[in-house]
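Down below is the structure, laid out as structure tokens.
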Amino acid sequence: MPKTRISFVTPGLLLTALLILSCSSDEVAQKEERPVSVRATVVSISDEQVTRSFTGSLEGEKQADIYAKIAEVVERVEVREGRRVSEGQMLIMLDKSGPSSMYRNTESLFRNAEKNFHKMEYLYKEGAVSEAQFDAARTEYEVSRASFEAAARLVEIQSPISGIVTSLDVSVGDYLNLGQKLATIASVDRLRAKFGVNSRDVAHINEGDAVTVSAAEIAHGAEGRVVSVSRSADPNTRAFQVEVLLDNTELLYRPGMFVRVSTVVEELHDVVVIPRDAVVDLDGRETVFIVSGEIAHKRPVTLGVELDGRAVITDGLNAGDTLVTLGQSYLDEGFKVNVAGLEKSGP
């Protein structure tokens, strides 16, 4: 008589089976009975601008750094930082009697030559001296005058341009070293901003392009224009230098400020743009959910450039699709949805 095999179901196997059945029934119930409330938007096409921002620093359109040409003591400082000065205005006076200045010596030679020249000029007009003697006196006078003026420029330091004293690096009593920086003068009615651009973006930046310049400490941005674009990259940074000129007649900006320069690098036409948060990652694919007949469907998409919280979709969506923009994290293929809010996307 054949033996009968009796199988026993352990409590663990029974519990596992019940859990599987429970999960399956919950999923079915989710899809068939309980719609997920979502917000959605109707996809449309639009024209967009791709902008890029770069950081740089400001300097005067005309800017002059002044350096000591002799080693001497500072006797007077005639200006202070932030003061507007004119071309040729006295900035700093050095000790004229110091050993390096040669000011007193050249002044003495010049005064003697000047006196002699005027005497010889009078005698020449009276016919008391020859033309050669007069010419010699005049030459001596002109040479000594040039030497004296050169010595004076070394100790009477003047501004080479009109502008604002943006830095002053010396005080009365300082002993200067040859080549030491003394001050910086910059014209500030118009300012320059310089910044580096990578090889991808530089192809979209041209002379004459409009830009917007902004700074954290200034409430309003300033309009500017690109005035130069380097055609070769810096060998150290691999960046192309771009220079921008901006109007600063209101004197809101100052040389030395760090600024952000924004410019349009690309114009996009007839593109699909959606909120970046509408895209979720499912199994390593960028995915969105669209609604059709109150049912959610997964739609793999290809992302293009991102635009301040939005993303260009180059493949996977069409104008007129109803795109889930809120609640997509709770969806799966075939879920029923209740669209609580529907609006049209686009500008």
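The values are calculated or read from the model by the stated rules, or taken from the named source; none is laboratory data. This is a predicted model, so every value here is computed, not measured. Backbone-built Cβ (ideal geometry, glycine too); neighbour counts: all protein chains shown.
Just a few scattered comments:
- Filtering segment 177-202 to residues that are acidic (Asp, Glu) and within 15 Å of Leu252 (Cα to Cα) leaves only Asp189.
- The lone exception for Lys125 - which of (1) in contact with an Asp or Glu (Cβ under 7 Å, 6 or more places away or on another chain); (2) assigned to a helix (DSSP H, G or I) it fails: (1)
- Restricting the search to strands (runs of 3 or more DSSP E) fully inside segment 31-82 and requiring at least 2 residues that are modelled with pLDDT under 90 gives 45-60.
- Test: residue in segment 219-230 that is buried (at least 17 other Cβ atoms within 10 Å of the Cβ) and of a type in the set (S, T, N, Q): no
- Within segment 55-84, the only residue that satisfies the criterion of being farther than 16 Å from Val188 by Cβ and of a type in the set (S, T, N, Q) is Thr55.
- Filtering segment 140-155 for residues that are in a helix (DSSP H, G or I) and touching a strand residue (DSSP E or B) at 6+ places or on another chain (Cβ under 7 Å) leaves a non-empty set.
- Annotation: Tyr141 fulfils all but one of (1) farther than 30 Å from Val79 by Cα; (2) surrounded by fewer than 18 Cβ atoms within 10 Å (Cβ to Cβ); (3) of a type outside the set (A, V, I, L, M, F, W, C); (4) in contact with a Phe, Trp or Tyr (Cβ under 7 Å, 6 or more places away or on another chain); the unmet one is (2).
- Of residues in segment 212-241 being aliphatic (A, V, I, L, M) and assigned to a loop (DSSP other than H, G, I, E, B), the one modelled with the lowest pLDDT: Ala219
- Ile157 being within 30 Å of Asn248 (Cβ to Cβ), crowded, with 20+ Cβ neighbours inside 10 Å and not charged (D, E, K, R): yes
- Ser100 vs. criteria more than 26 Å from Ile164 (Cβ to Cβ), of a type in the set (Ser, Thr, Tyr) and either surrounded by fewer than 16 Cβ atoms within 10 Å (Cβ to Cβ) or modelled with pLDDT under 90 (or both): yes
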